[in-house]
Amino acid sequence: MRMYDLINKKKKGEALTKEEIEFMITGFTNGEIPDYQMSAMMMAICFQGMNDEETLNLTLAMRDSGDVLDLSAIEGIKVDKHSTGGVGDKTSLVLAPMVAALGIPVAKMSGRGLGHTGGTIDKLECFPGFSTSLTEEQFYQNVNQVKMAIMGQTANLAPADKKLYALRDVTATVDQLSLIASSIMSKKLAAGADAIVLDVKTGNGAFMKTEEDAVALAKEMVKIGKNAGKKMAAVITDMDQPLGNAVGNVLEVKEAILALNGLGPKDFMDVVYALGTQMVLFAEKAKTEEEARAMLEETIKNKTALDKFAEFVEAQGGEKRFVYQPEILPRAGIVMEVINTEEGYVSKIKAEEIGLASLVLGGGRATKDSKIDLTVGVLLNKKRGDKVKMGDVLATIFANDMEKAKEAYAKIVCAYEVQQEEPNPVPMIKGILK
Ligand code: URA
C-alpha cells in the first residue's frame, strides 16, 4: 500500500477502506508517513469529505493508536460526560458529585484549559495538594470506593489524534466536521465509558459558533459513538454568554461549591440538570426524565453531592475544609469594578471576550506550556436580560497586576452590549439528540 495512492483516491472522491485508514494512521503515528503527505490527505478530506464508515474507521484507528482504558474493574454502568469547551464551564465539578452521590460511577479523564476556554484539571488544582496524576489502579480504586475520580489525560491517549490535530492546526484543516468529530470521539472512546453524554456548546464563546454547526457536530459524534457500541446523547447548550457568573479557576471553584450548596446561578444549573438527567437515565437509575431530575435535585437539597465532592477532594490529596470553607482558598490581590455607562438592559456578553479578559489576567494559557495564575478572573455581576442603571457594577475583575487589570477592563467593556428594549430570554438548552 502506498500513501500516494490513498491521497489520489481521496482526491477523486472515493471512499477509503478500513485497512487503508489503519495503514495511514499507523504509518503517520510511527513517523513512516511524513507530515506533507498527511497534510495533503487532510486537505483532500476537507474537499471530498468522508462517509459514516470511513469516519468510524478513522475514529477507531486513532483510539487504538494508544492506551484504551478498560473500566471493567469498576462496578456498574460507567457514564462519561464531555463538553466541547466554553467560558465559565465548571459543570463537571457539580455534575460529577451529584451523579456519584446517586451511586453512579464517574470515571473521568479531563483536560487543561487552552486559549479563552478553561479546563477541569486546572480548576481542581485550586485545592492545595490535589493530584490528578493517578495511576490506573488508583483511579479504578477511587471510583469503586468514592464513586468518582478525575484524572488528567494519560500521555498515551490517542497519540495519533494529538499528532494529527497539531498538523491540522497549521494546515487550515481543523474545520471539517468528520475530522472534528473523529478527533473528539477517539479520545472519548479511549476513556472507556459505557455511555457518553456530550455537551455541545454553541455561540460566541464556543468552538461551534452557530446552532446549525453545533447540531451537525452533535449528530456526527452521536453516530460515531453508537456505531462504536456506546449509549450516546448530545445536549446542545448556549455559550453566547459565559456560563454562570464566574470565569477564572478559583472563582469557578467557589461558584461550583455555591451550586453544591443550592445557590448555583439558574443558567448554569439548567445545563447541569439537562446533562445529569441523561446520565442518570443511561445508568438505569431512573425511568423518566422527571424522576432523574428529581433525584438529582435531592442530592443538592440533602447535601449528599457537597459531601461527595469533599470526599473526592480528600481522596485525591486535597483537604475537605476547602470545600466547606471556600473563602480560605487563595485570592487575587487586586479587585476592580467595571462600571456601566448606559441605561437599559444587557443584551449580550461576548463570552470569547470575557474568556480573553481572563487570559490577559494570567488565568488562561496562550500556549500549551504557559503557566497560569489560578486566582485571577472575572465575576459577572450582570448577565444577559438584566436591567442596568448608570454606575451599576457590570463585572468585577480579580487580578494580581494593575496593567493586566486595565487591559481586562477594556475587554470587558467591549464584551457587554446594552440596549433600550428588554431582550427576549434565550433558552440554555437548545435541543437533545440521541
Ligand atoms: N477539539 C478536538 O479535540 N479536536 C478537534 O478536531 C477540534 C476540537
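Worth pointing out:
- Solvent exposure of the chain, expressed per residue, is 41 Å² of accessible area, with all protein chains present and a 1.4 angstrom probe.
- Base-10 log of normalised Debye intensity for region 248-303 (one unit scatterer per alpha-carbon) at q = 0.19 Å⁻¹: -0.68
- Measuring nothing but protein heavy atoms, the accessible surface of the chain at 1.4 Å probe radius is 51 percent carbon and sulfur.
- Estimated inter-spin distance, E337 and V68, nm [label 7 Å along Cα→Cβ]: 5.7
- Rg in Å to one decimal, and Dmax rounded to a whole Å, for region 338-389 via C-alpha atoms: 13.8, 42
- Extension gain for K226-S131 works out to 30.9 nm (0.36 nm per residue, less the C-alpha to C-alpha distance).
- Rounded if a/c under 1.5, otherwise prolate or oblate - region 1-77, Cα gyration tensor axes: prolate
- Here the Gaussian network model covers the chain, with springs between Cα atoms less than 10 Å apart; of N340, N51, N424, N424 fluctuates the most.
- Relative compactness, the chain, computed as alpha-carbon Rg over 2.2 N^0.38 Å: 0.99
- The phi torsions of region 58-73, fed into the Karplus equation with coefficients 6.51, -1.76 and 1.60 and a -60° offset, translate into couplings of 5, 4, 5, 5, 6, 4, 7, 6, x, 5, 10, 5, 10, 8, 5, 6 Hz, rounded to whole numbers, with Gly and Pro shown as x.
- Residue with peak Gaussian network fluctuation, the chain [Cα springs, cutoff 10 Å], from S72, S183, S110: S72
- Based on alpha-carbon atoms, the Kirkwood radius and the radius of gyration of region 64-206 give Rg/Rh equal to 0.95.
- If both residues of a DSSP beta bridge must be in the chain, then about 55% of such bridges are antiparallel.
- Separation in nanometres of the label points that stand 7 Å from Cα toward Cβ, at V174 and N30: 3.1
- In this simple spin-label approximation, D369 and M402 carry label points 7 Å from Cα along the Cα→Cβ vector, and these lie 3.3 nm apart.
- Here F47 and D386 are evaluated by their C-beta separation; at R0 = 60 Å the FRET efficiency comes out at 0.85.
- Candidates G355, G385, G113: whichever shows maximal mean-square fluctuation once the chain is modelled as a Gaussian network with Cα springs under 10 Å: G385
- Spatially close lysines, pair count over region 281-358: Cα under 21 Å, gap of eight or more or interchain: 6
- In terms of overall dimensions, region 291-434 has a Cα radius of gyration and Dmax of 18.8, 51 angstrom.
- Segment Q145-N261, extension gain: residue separation times 0.36 nm, minus the distance between their alpha carbons: 39.4 nm
The values are calculated or read from the model by the stated rules, or taken from the named source; none is laboratory data. As the structure is a computational prediction, the values presented were derived from the model and not from experiment. A quick note on method: Cβ atoms are made from the backbone with ideal geometry, for glycine too, and the neighbour counts reach across all protein chains shown. Surface areas here come from the heavy atoms of the whole protein model, side chains and all, with no ligands, DNA or RNA. Shrake-Rupley method; radii C 1.70, N 1.55, O 1.52, S 1.80 Å.
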